[in-house]
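Accompanying notes for the structure given below.
The values are calculated or read from the model by the stated rules, or taken from the named source; none is laboratory data. Please read these numbers as outputs of a predicted model, since none were measured by experiment. Every residue, glycine as well, gets a Cβ built from its backbone with ideal geometry; the counts of neighbours run over all protein chains shown. All accessible areas refer to the heavy atoms of the entire protein, side chains included, with ligands and DNA or RNA removed. Shrake-Rupley method; radii C 1.70, N 1.55, O 1.52, S 1.80 Å.
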Amino acid sequence: MGAIRKRKYEEGAGNLYISRKRAMKKLQLTLKDFRKLCILKGVYPREPKRRKAAQHGKGGIQTLYAKKDILFLGADPMIWDMRKLKPHFKKMAKAKGRRDFRELRALARRHPKIDIDHVIKERYPSFIDAMKDLDDCLSLLFLFAQFPSIPGVPHKFPHEAQKLITQFLLLVIEARALRRVFVSIKGYYFQVELRGQLVTWIVPHQFGFVPTVKRNVDFKVMSHFVELYITLLGFVNFRLYQQHNLIYPPRLSNFTYGGNTRKGTEAKGTEYQALPDRIASLNEPLRKSRFTVPEEEQPLDSFLLSDNPDEAARMQKELERTNKLKTLFNGLKIFVNREVPREPVVLCIRALGGEVSWDKVLFAGATFNEDDETITHQIVDRPSMDKQYISRYYVQPQWVFDSVNAAQLLPVERYLLGVVLPPHLSPFFDPTRDQRYKPPEELEIFGSQSEEGSQGAKVAEKKASEDEESSEEDEEENEDEDEKDSEEESEEEAEEPKEDDIDEDLPEEEKQRLAKKKKMAVKKGTIAKEEPVKPELEAREDEYLRSRLVRNKHKRLFNSMMEGRKKRMKEVKLLTNKRAQLEAEAAAAKKEEKRQRKKAAAVLQA
Amino acid sequence: MAVVKAKKRIGSKKTKKGWRRSDIQDVEDFLEDKRLEERLGVPFKDRKDEELFSVDTKADNDNLKYQSSKEARRNQLLAKPVRCFEILKSDSKVQDPIAKRNIRRSAEDRQHPAFRKREEEKLKRKKGIVKRKEVDNRAQAIRKFHRQAPRSGFKKDIWNEEVALPATVKTDWVNEGTRLHVLANTRMKDKLRRPKEKNLSKPYKTPAVELPLPGQSYNPSYEDHISLLETITTKEQALAKADAHLTRVTSAMFRKVPRHEAEAQYFREMSQGVPALDPEAAKPDEPLSDNEYHAVNPPVDRLKKKDRKKRRNIVEEKRLQNKNKLLKAEKKKLADIYRLNQFEEEIVNQEEKTQKRSEKRIENDLNRTTRRLGRQKFEENELDFNMASDLKGSLRSIKPEGNILSDRYNSMQKRNILEPASHQL
């Protein structure tokens, strides 16, 4: 028996990969359909370890797929629907040519639909997997929701994307899930926390549609992604609504839907017509489901079990922040002026418990008018207003965003109408870049990551009180109090020696006895305290010991790291001192000015 | 004496001459009158008073208006039809004798009146003008509301369903290739499993939405903005440097030469070695100095040839070597029986090592950001930024930068989902 002949590329890399052209031929699909199938099923091109062998000795760089992936693609039933499309279009063309419109209509009705529902479960076996891919999904759908109909993108996509993201935002509001927001020159970045997962996405600024240069982006490819993500978000929405005990698709709680035939209660046709806008306004509560789903156990206490104390502390801090955030705007009634971008502001306020409204003419869903005296804040973005109510604060939109990031209502003074705003800082920290100077404004909003979280709050309080006080009067009061205190102290001091004195009326013996007794008395002992080691000292020693353990091989790297750190800390210290000096100078100048003014006033009075 | 009207002489009309002689001026005059009448309409004397005159019941304001400004007068003039084109218009009242003359009707004229009516209604609806009856039609509104709802497929919690996974075929005795082939080419297609998750679902570690730099805020702090600009400048400088290098080593390396000179040079180079064109090549080669034979290879030394005995010895030696080797191996096998425990340990260690190495390889693969997937290299989008003059510090006057769609596309290429391509159709 002779040995089996081994041909080249029958084993190893040559047999693992398949070029795109061969894959298309194998699946009997056109490039268009193949691409669509790959995107929907999540099959991506691969880079082989040994390209030459994988390409069967051919030079250049081919697009390669794993052979297994292609077999897997071939097993999908979608492929049959895709193959049906070509003869279908041929039939339609034929009917059109014959001007047989009845046949054409019938064919259009029988258009083969490609159902991709099964793909979602296959690609995202658990719900968490789906949540993890939501960043991509939301960013793309928010973008496409703004698009007009473009060649290459089915006209229903923007419409459906708009619907689904509205549903998602409503859920974010109901779940009070918003965590962070950042306004960049590209758009608004939102971060929400749903079922313990952080989801971040970007929403473009709402200005006019700017068409993309077609050469850069393949719209057809993107529309396949959109198709997948529309289906994904639909199912995710369904599950999230169920988990939060809401009816899906969303129903307004203060609207009587059809089916209730009692006269007088039923909604009119016009009201129905206005319904989509009312839902899109994000300003009305949703109807709860009658069947409550039991809450899933949240892994809240996991940080207590965590081994890493730093991680545990961080999680604890994050949890406290979240709890504060959820009721941030509770009890506030905020009116949004028409020049302010409505949707992001309304989302922020509603998702954190505030009441919000706008001009009735601007959009549906306004709940109160501008002349309502109970309004606490009005968001404006113009240099001045003609008519102002004294019962409310007029603040710029950045106040809302900064407050969300700081997880506390920031003092309005620095955000008032027409005031130059403080910088809008990014809430997305880069923990690796912690060794840098942070101005007090930043500390106020985010606190310091390395230090206690409450420091930020303290700074904020201090700032607020500084702004409010009229410094001179306070100073005077303080002086008075100081004087009082010192008087009291001196009185006490005067009293003390009196108690110690022994009565002089007693006889001599008695006096001696008492003196001796005093000497004999057993004094209460004190426990000799050992000086406890200061924690900082201990930490420093620890660090030193650890640094001794660094291998010689890495010593140079370690030293350079330490040097860098020292340099950065020095810079931080320098800048902090500089700032303190500048502030002290400014304060002194202010005081001096006030004194001068007072003097002048005194002279005038005289 | 009464003037006797001379009797018209009626000559013979037999010949052409006779016909020419006849006077038909009166007939022609009459016809001419008639045509004129047709062109201009009914003569004034035959028209009714109402057609000619009208009773003026309104004050004529137009004449009273005095066009004060020059511009107003100009505008009035502009409103009038242009005189030079008036001559092109027909002033005849005669109707076209050929009723079915081929006149090109406009697209609007060609439309069916019913269709035109429907279009007009659509236009009205677009403007928001709807019949009251229709607005109040509740049933219709509800139907429309439900039609607008997104597709009805999202009616189930797909992650709560119990789906039996396809049973795998136990194939310990079939090799992997055969198994896959059978699965893919028979009715057992649904038993083909999705390739492993770690290799497929996310071939990347880069986050889908990359977080913005602090300097990209609409109202950044001074330090953040400066550091962003610095990053961008550094990148741009590196690009410029690479570009300058390319120019230096390519186009700057060669001197620019006028065309005729370049042609002459080309001719010179190409004709080198051709005797007819090159005077150097035309010179005869120097003849060989002596008449000796020159071989390319060195001569074979007959004395060094291996004889049969030598060859046999070599073979014998080789055979012996092999035999010894086998013997040694057999001996080692016998000795190894006592080292079985050691072997087991070695195998375990080896497997552990392999496992670790493969895990590390996968980890490394994921850590590598972008792989080479196609002919074109991946190029990252440039960072977006506002110049200091564009930063107004107010949300209202923000100047949006960057294209999110292009960013998404680029991000997918970066995460190895799409292969980079400049132009896809």
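What to note about this one:
- Remark on A:Gln378: its backbone amide H falls under 5 Å from those of A:Phe335, A:Tyr393, A:Tyr394, A:Val395, a criterion applied only to residues 5 or more positions apart or on other chains, H modelled at 1.01 Å from N.
- Our coupling estimate for region A:361-369, obtained by passing each phi through the Karplus curve with A = 6.51, B = -1.76, C = 1.60 and θ = phi - 60°, is 6, 5, 7, 5, x, 5, 10, 9, 8 Hz, Gly and Pro reported as x.
- Neighbours of B:Lys241, meaning other residues whose beta-carbon lies under 14 angstrom from its beta-carbon, give a summed charge of 0 when Lys and Arg score +1 and Asp and Glu score -1.
- Between amide H atoms placed 1.01 Å from N, distances below 5 Å from A:Leu246 occur with A:Ser289, all of them 5 or more places distant or on a separate chain.
- Over the C-alpha atoms of region A:1-128, the Rg to Rh ratio, Rh being the Kirkwood estimate, stands at 1.14.
- Accessible area (Å², per residue) of region B:66-118, counting only protein heavy atoms and a probe of 1.4 Å: 110 Å²
- Among the GluC sites (Glu not before Pro) within region B:378-425, those in coil by DSSP and having at most 14 neighbouring Cβ atoms inside 10 Å are B:Glu379, B:Glu380, B:Glu382.
- Inter-label distance for A:Asn15 and B:Gln140, nm, one decimal - labels placed 7 Å from Cα along Cα-to-Cβ: 6.9 nm
- Label-point separation in nm, A:Ala312 to B:Val257, each point 7 Å along Cα→Cβ: 8.1 nm
- The 3J(HN,Hα) values that the Karplus relation (6.51, -1.76, 1.60; θ = phi - 60°) gives for region A:323-331 are, in residue order, 4, 5, 4, 4, 10, 4, 9, 4, x Hz. Gly and Pro appear as x.
- Size of electric dipole in region A:302-383: Cβ of Lys, Arg +1 and of Asp, Glu -1, about Cα centre, debye, nearest 20: 60 debye
- Pairs beyond 23 Å (Cα-Cα), from A:Lys326/B:Lys205; B:Lys80/B:Lys127; A:Lys25/A:Lys67: A:Lys326/B:Lys205; B:Lys80/B:Lys127
- Integer Hz, Karplus 6.51/-1.76/1.60 couplings in order for region B:128-133, x for Gly and Pro: x, 8, 10, 5, 4, 4
- Ratio of Rg to Rh for region B:369-425: 1.15 [Cα atoms; Kirkwood radius as inverse mean 1/r over pairs].
- Unit charges at the beta carbon, dipole of region A:72-174: most positive-side option, A:Leu140, A:His111, A:Phe101: A:Phe101
- Entry note, region A:45-203: relative contact order of 14 percent, from Cα contacts under 8 Å with a spacing of 6+ residues.
- Interface residues, region A:175-199 - accessible area loss of 50 Å² or more versus chain alone, probe 1.4 Å: A:Ile185, A:Lys186, A:Tyr189
- 1.4 Å probe, heavy atoms, protein only - residues of region A:348-394 losing at least 10 Å² accessible area vs chain alone: A:Asp381, A:Pro383
- Carbon plus sulfur fraction of accessible area for region A:1-105, probe 1.4 Å, in percent: 53 percent
- Under-5 Å amide H pairs with A:Thr63, H placed in peptide plane, nonlocal only: A:Arg20
- Percent accessible area from carbon and sulfur atoms, region B:232-333, protein chains only, probe 1.4 Å: 57 percent
- Once B binds A, the 1.4 Å probe can no longer reach about 8100 Å² of accessible area, counting both sides.
- List of region A:225-242 residues, accessible area with partners at least 40 Å² below that of the chain alone (1.4 Å probe): A:Phe225, A:Phe235, A:Phe238, A:Arg239
- Where trypsin sites (Lys or Arg not before Pro) fall in DSSP loop in region A:44-105, at most 15 other Cβ within 10 Å: A:Lys49, A:Arg50, A:Lys58, A:Arg98, A:Arg99
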